[in-house]
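Please read the structure below before turning to the comments.
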Amino acid sequence: MTRSSSHQEAAVSLSFGAILALAVGFPFAALSGELISAGFAEASATLSRPGPWLLLLRSSGLAVAITTVALLVGVPLGTLLARTDLPGRRLALWLQAFSFFVPPYLLALGWSHLIGRQGLIGSPLTAEILFGPLGVVFVLGLAFAPVVTGLVALGTLGVAPHLEESALVVARPLRVLLRIVLPLCRPSITFAALIVFALALSETGVPLFLRDRTYAAVVFSRLGGAGYAPGEAFALAIPMITIGLVLLSIERRFIGRRSFASLLLSSGGGKDRPVYSLGRSRPLVALALWLLVALSLAPLVALCAVAAGGDLSETLGWTGSSLTTTAASGLAGASCITLLAVVLGHGLARGRRGSGAFDGAALLAFVVPSAVLGAGIVAAWNRPQTSLVYASFAVLVVGLVARYAIVGLRAVAAVMLRTPVHTEEAAATLGGSYLRRLFQIVIPLHARGILAAWLLALLFCLRDLDTVVVFYPPGRESLTVRIFTLEANGPPAVVAGLGVVQVLMIALAMTFGLLLLRRRAWA
């Protein structure tokens with residue numbers, strides 16, 4: 001590689017890294033500035049009381065319970081769907097994945113229409129269970145289980161076939177799965193558990209709706225609720241940032257680059273792996289599988305049933321500009337994330353100096369509860385010098401990029417790890433500049449994977465509620481925020497109808513993206 005090409009790569013990487021630092025680092029720096037300017041007096045007063053610490057401990061325990069439920073559902077399900085002869089396993093995997101990209105708040109709303117006091121099959125007993133901590137664990141455990149299912153499925157496909165074939169000579173299939181396959185995909189399971197715990201600790205909408213008090217919900221209420229107290233919110237953010245740093249250190253210590261292995265097979269690998277026969281238990285396991293899939297989709301069916309009792313034109317009238325805001329912010333956020341990921345993910349895959357720092361910053365913004373990130377964005381952009389951004393559509397894009405940059409970064413890096421570096425080195429030897437190699441070799445070679453990363457980032461942006469609800473500009477609320485604010489006083493059929501519109505938007509985006517990926521596969 002020539003010196004000028006090396007300098008060009010460093011300059012481009014630093015420029016894109018600076019953009020990521022502005023989106024991610026600026027909110028945390030502003031949050032620190034707010035605490036310093038207050039002289040830590042309010043922070044000390046807030047955190048010296050036992051109440052916040054007890055609530056944080058309770059919320060962490062709730063997140064652990066949700067993670068446990070997701071693991072109990074997702075680990076066996078991911079193994080069965082990836083490595084056995086279950087009928088319809090691919091369809092079941094996609095249906096469960098779709099339920100994850102539905103905002104959890106809508107799932108909670110659907111469950112209330114199904115088993116709430118006035119629900120389709122509800123009773124006082126089911127309502128009492130749903131509206132409380134057990135309901136939060138049940139709803140979010142099922143909602144986040146697809147994360148575990150997907151990563152475990154991909155992780156089991158990443159096991160070297162010769163290890164399984166050798167073990168199958170002397171052991172039964174079930175023992176091989178339990179003693180060889182699952183232990184080897186432990187990084188995938190650990191990574192899935194970390195993601196679910198972070199999402200569960202961040203979740204605001206579901207606990208608020210199910211009337212269960214959590215730490216993240218209190219932080220949100222201090223920023224956008226009746227108990228508005230931004231100084232206290234900034235103080236309450238300190239322990240949650242600490243938890244985020246602990247999660248980041250766990251990921252670095254026990255997973256690191258091995259988490260890429262969970263994504264390497266996402267574009268069609270694993271076809272030469274042994275498929276385990278379930279034998280006589282196949283019908284019973286298949287029945288249990290489809291009952292679980294039906295359970296995941298049940299709240300969406302309930303939403304559709306309630307929405308059918310309303311007027312379609314009235315429902316569409318309630319959407320206002322939220323539909324276009326959701327689509328525009330999602331597309332803009334996903335495109336910005338992918339653009340950053342192409343440059344920074346390439347550097348991460350090739351082990352370039354400084355790439356780990358950018359990856360760590362993006363991961364920290366994801367594992368830190370979204371209410372804390374929202375508080376940082378308020379502190380960073382809600383000032384006269386930056387009012388042009390804070391009062392406009394741009395702040396939504398900034399927030400989505402900060403929150404979900406790691407999704408695109410890791411996905412693109414995983415795809416680029418599949419291609420040997422020698423391809424680029426050969427072009428560099430012949431004088432190809434960094435930008436020329438990037439646009440003429442790297443991007444064309446990985447176009448399908450980059451498109452998949454864009455689709456993944458788009459789906460995360462479309463489902464978001466907890467991040468943007470803290471700082472959305474007046475008149476620029478997303479559809480998830482519109483549903484969240486209307487639920488308490490809006491007509492039930494209209495609110496359910498808006499939820500169905502949100503679900504259809506996600507289904508349309510997923511279908512369109514998958515069609516593009518399939519077309520690209522044949523190109």
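So the values come out like this:
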item: Number of the condition not met by Thr480 [criteria: (1) in a helix (DSSP H, G or I); (2) more than 19 Å from the chain's Cα centre (by Cα); (3) more than 24 Å from Phe16 (Cβ to Cβ)]; result: (2)
item: Pair list, Cβ under 7 Å, 6 or more apart: the range 466-485 residue on the phi > 0 side of the Ramachandran plot, other residue part of a loop (DSSP other than H, G, I, E, B); result: Gly475/Ser321
item: Boolean, Gln96 is within 30 Å of Ala305 (Cβ to Cβ), among the polar types (S, T, N, Q) and touching a residue at least 12 places away in the same chain (Cβ under 8 Å); result: yes
item: Positions within the range 175-198 being farther than 30 Å from Leu57 by Cβ, surrounded by fewer than 24 Cβ atoms within 10 Å (Cβ to Cβ) and within 32 Å of the chain's Cα centre (by Cα), in sequence order; result: Val176, Leu177, Leu178, Arg179, Ile180, Leu182, Pro183, Leu184
item: Near pairs, Cβ below 8 angstrom, 6+ apart or cross-chain, from the range 288-307 (more than 17 Å from Ala92 (Cα to Cα)) to any residue that is among the hydroxyl-bearing types (Ser, Thr, Tyr); result: Ala307/Thr315
item: Condition met for Val148 (modelled with pLDDT of 85 or more and over 30 Å from Ala30 (Cα atoms)); result: yes
item: Listing of helices (runs of 4 or more DSSP H) fully contained in the range 89-142 that carry 2 or more residues being charged (D, E, K, R); result: 89-101
item: Of all residues in the range 42-99 being farther than 13 Å from Leu140 by Cβ and among the hydroxyl-bearing types (Ser, Thr, Tyr), the one that is surrounded by the fewest Cβ atoms within 10 Å (Cβ to Cβ); result: Ser48
item: Options Arg436, Arg410: the member that is modelled with pLDDT of 70 or more and within 26 Å of Gly150 (Cα to Cα); result: Arg410
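Conditions tested, residue by residue: (1) modelled with pLDDT of 85 or more; (2) over 13 Å from Val500 (Cα atoms).
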{"position": "Leu291", "(1), (2)": "yes, yes"}
{"position": "Pro299", "(1), (2)": "yes, no"}
{"position": "Ser313", "(1), (2)": "no, yes"}
{"position": "Leu316", "(1), (2)": "no, no"}
{"position": "Thr319", "(1), (2)": "yes, no"}
{"position": "Thr325", "(1), (2)": "yes, yes"}
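The values are calculated or read from the model by the stated rules, or taken from the named source; none is laboratory data. Predicted model only: the values in this text are computed from it and were never measured. Glycine gets a Cβ as well: all are built from the backbone with ideal geometry, and neighbour counts include every protein chain shown.
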